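Colleague: The structure under discussion is supplied below as structure tokens; questions concerning it will follow.
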Amino acid sequence: MRNIVCGAIVALGLAAAPALAEYPERDIQGIIQWGAGGSTDTVSRSVTPHAEDILGAKVILQNVTGGVGAIGLNQAERADADGYTLLFGAENPLLYKVMGLGQKDYSDFVPINIIARGIPILVARPDAPFDTFPEMVEYITANPGEIRFGSTGPGGLPSVVTAMINEKTPLDVTAVPYDGDGPALTALQGGAIDVMPAVLGAALEPVRAGNLKAIAIFDTEGVEQLPDTPAITDTNPEFADILPWGPFFGIFVKAGTPDDVVAKLTDAYGQAAQNPDFLSMMDGRGFRMLSLTGTEAQDFLDTWQSQTAWILWDGEIAKNSPEDFDIPRP
């Protein structure tokens with residue numbers, strides 16, 4: 001009789017226990033590594049509302065800038081591994097170690113979705129005294145140190161493209177760093193700098209408006225959005241062996257986040273990345289969709305890191321050899 005009573009009490013206790021809350025039960029914080037108006041900011045703020053509809057929760061996006069994205073990454077890494085802090089990042093963290101900017105990178109995170117790849121473009125202020133890449137090289141050769149190249153800091157798209165250029169055609173220019181491509185492109189339109197390698201998506205509208213001059217698409221083929229702008233390999237075929245290459249945009253969560261939470265986030269952002277409105281925006285801005293998850297996303301990150309780290313090392317821009325971090329040469 002005693003066992004029956006105890007069993008009944010246990011059963012009642014189990015019945016009275018509250019059910020575990022399903023993720024997400026509150027708002028999610030989203031940290032964007034770069035400033036407002038740049039490519040990462042635009043992509044993050046465009047895809048997230050569609051993911052919110054699926055998650056049934058708000059993702060509160062905040063721009064946390066500085067340190068070539070390292071401040072935002074470190075803030076996300078310090079948060080609990082519970083899925084309530086997302087990192088909206090670009091390519092830079094994969095280069096922190098070789099650039100001497102820190103010991104953390106995306107190996108401290110799980111990729112939720114590698115959304116898209118950007119196409120690099122070389123743009124100049126509209127009154128620059130050259131219209132093509134060969135003309136730019138000729139002008140810089142005749143006027144060493146005069147041309148100011150915009151940058152987003154070590155390891156950003158401008159620094160990688162500049163390293164590629166210097167590998168093939170060394171240029172004597174003055175580098176001017178900015179905290180993200182949004183502020184840098186604003187400076188370029190205002191004449192504070194003369195030239196900048198940028199991502200097509202961020203530079204497209206200013207080019208169309210006549211506020212910037214497109215010099216070359218830094219890829220092996222042109223783009224339909226700017227049909228009159230040649231691919232760099234059209235005028236300088238020597239670049240073909242290191243292209244195509246481009247920055248990327250991804251969503252990450254801290255390593256150790258429960259698998260079911262990762263699965264929910266992956267599903268939500270995977271569906272969001274296929275939303276027709278989002279796809280239309282991405283196509284209109286010249287981004288190339290990827291929407292990679294799981295092992296495909298990780299393989300992409302590993303390949304990108306290998307290719308780019310060695311470009312920077314061979315271009316004598318990286319401070320540390322990729323070999324020091326077991327990054328294989330591609």
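The values are calculated or read from the model by the stated rules, or taken from the named source; none is laboratory data. Computed from a predicted model, the values in this text were never measured in an experiment. Cβ: placed from backbone, ideal geometry, glycine included. Neighbour counts: every protein chain shown. For the accessible areas, the whole protein counts, side chains as well, though only heavy atoms, and no ligand, DNA or RNA atoms are used. Shrake-Rupley method; radii C 1.70, N 1.55, O 1.52, S 1.80 Å.
Colleague: Do we have residue 187 as closer than 19 Å to residue 118 by Cβ and modelled with pLDDT of 90 or more here?
Modeller: When the stated conditions are applied, residue 187 does not pass them.
Colleague: Tell me whether the stretch 275-289 contains one or more residues that are open to solvent by 30 Å² or more (accessible area, probe 1.4 Å), part of a helix (DSSP H, G or I), over 30 Å from residue 209 (Cα atoms) and not assigned by TED's automatic domain parsing to the domain that holds residue 222.
Modeller: Checked against the condition, which is being open to solvent by 30 Å² or more (accessible area, probe 1.4 Å), part of a helix (DSSP H, G or I), over 30 Å from residue 209 (Cα atoms) and not assigned by TED's automatic domain parsing to the domain that holds residue 222, the stretch 275-289 yields no hits at all.
Colleague: Within the stretch 274-281, is there a residue that is closer than 18 Å to residue 246 by Cβ and small (Gly, Ala, Ser)?
Modeller: no
Colleague: If we keep just the residues of the stretch 93-151 that are among the acidic types (Asp, Glu) and closer than 21 Å to residue 248 by Cα, which is most open to solvent (accessible area, probe 1.4 Å)?
Modeller: Per the criteria, the residue is 108.
Colleague: Turning to a different aspect of this structure: What pairs come up if the first residue lies in the stretch 292-308 and is over 20 Å from residue 96 (Cβ atoms) and among the hydrophobic types (A, V, I, L, M, F, W, C), the second is open to solvent by less than 50 Å² (accessible area, probe 1.4 Å) and assigned to a helix (DSSP H, G or I), and their beta carbons are under 8 Å apart, counting only those six or more places apart or on different chains?
Modeller: Going by the 8 Å Cβ cut-off, the qualifying pairs are 292/300.
Colleague: Turning to a different aspect of this structure: Restrict the check to the stretch 91-103 and report whether at least one residue is closer than 17 Å to residue 304 by Cα, β-branched (Val, Ile, Thr) and not assigned by TED's automatic domain parsing to the domain that holds residue 157.
Modeller: yes
Colleague: While we're here: In the stretch 30-63, what count of residues is obtained for those that are modelled with pLDDT of 95 or more and either open to solvent by less than 20 Å² (accessible area, probe 1.4 Å) or not assigned by TED's automatic domain parsing to the domain that holds residue 262 (or both)?
Modeller: Qualifying residue count for the region: 9.
Colleague: Further question: Quick check on residue 70: is it of a type in the set (A, V, I, L, M, F, W, C) and modelled with pLDDT under 95?
Modeller: Here the answer is yes, as residue 70 does meet what is asked.
Colleague: Mind checking which residues of the stretch 65-112 are part of a helix (DSSP H, G or I), without any contact (Cβ under 8 Å) to a residue 60 or more places away in the chain and among the aliphatic types (A, V, I, L, M)?
Modeller: The answer is 70, 71, 73.
Colleague: Here's a follow-up. Residues that are open to solvent by 50 Å² or more (accessible area, probe 1.4 Å), within 22 Å of the chain's Cα centre (by Cα), in the same structural domain as residue 131 (by TED's automatic domain parsing) and not hydrophobic (A, V, I, L, M, F, W, C): does the stretch 265-272 have at least one?
Modeller: Looking for residues that are open to solvent by 50 Å² or more (accessible area, probe 1.4 Å), within 22 Å of the chain's Cα centre (by Cα), in the same structural domain as residue 131 (by TED's automatic domain parsing) and not hydrophobic (A, V, I, L, M, F, W, C), one finds none in the stretch 265-272, hence no.
Colleague: So in the stretch 226-241, with the set limited to residues that are of a type in the set (A, V, I, L, M) and surrounded by 15 or more Cβ atoms within 10 Å (Cβ to Cβ), which one is nearest to residue 212 (Cα to Cα)?
Modeller: 226
Colleague: Just checking, which of 297, 268 is assigned to a helix (DSSP H, G or I), touching a helix residue (DSSP H, G or I) at 6+ places or on another chain (Cβ under 6 Å) and closer than 30 Å to residue 26 by Cβ?
Modeller: None of the others qualify; the one that does is 268.
Colleague: Also, I was wondering about something else. Restricting attention to the stretch 243-256, and to residues there that are at pLDDT 95 or above and surrounded by 23 or more Cβ atoms within 10 Å (Cβ to Cβ), which single residue is farthest from residue 25 (Cα to Cα)?
Modeller: Looking at the filtered set, the residue picked out is 250.
Colleague: What are the residue pairs meeting all of these: first residue in the stretch 150-171, first residue under 17 Å from residue 245 (Cβ atoms), second residue of a type in the set (D, E, K, R) and in a loop (DSSP other than H, G, I, E, B), Cβ atoms under 6 Å, and 6 or more apart or on different chains?
Modeller: Cβ pairs passing all conditions: none.
Colleague: Please go through the stretch 306-325 and pick out each residue that is at pLDDT 95 or above and open to solvent by 30 Å² or more (accessible area, probe 1.4 Å).
Modeller: Those that are at pLDDT 95 or above and open to solvent by 30 Å² or more (accessible area, probe 1.4 Å): 320, 323, 324, 325.
Colleague: Being assigned by TED's automatic domain parsing to the domain that holds residue 57, within 18 Å of residue 120 (Cβ to Cβ), touching a strand residue (DSSP E or B) at 6+ places or on another chain (Cβ under 6 Å) and crowded, with 18+ Cβ neighbours inside 10 Å is the requirement here; does residue 300 meet it?
Modeller: no
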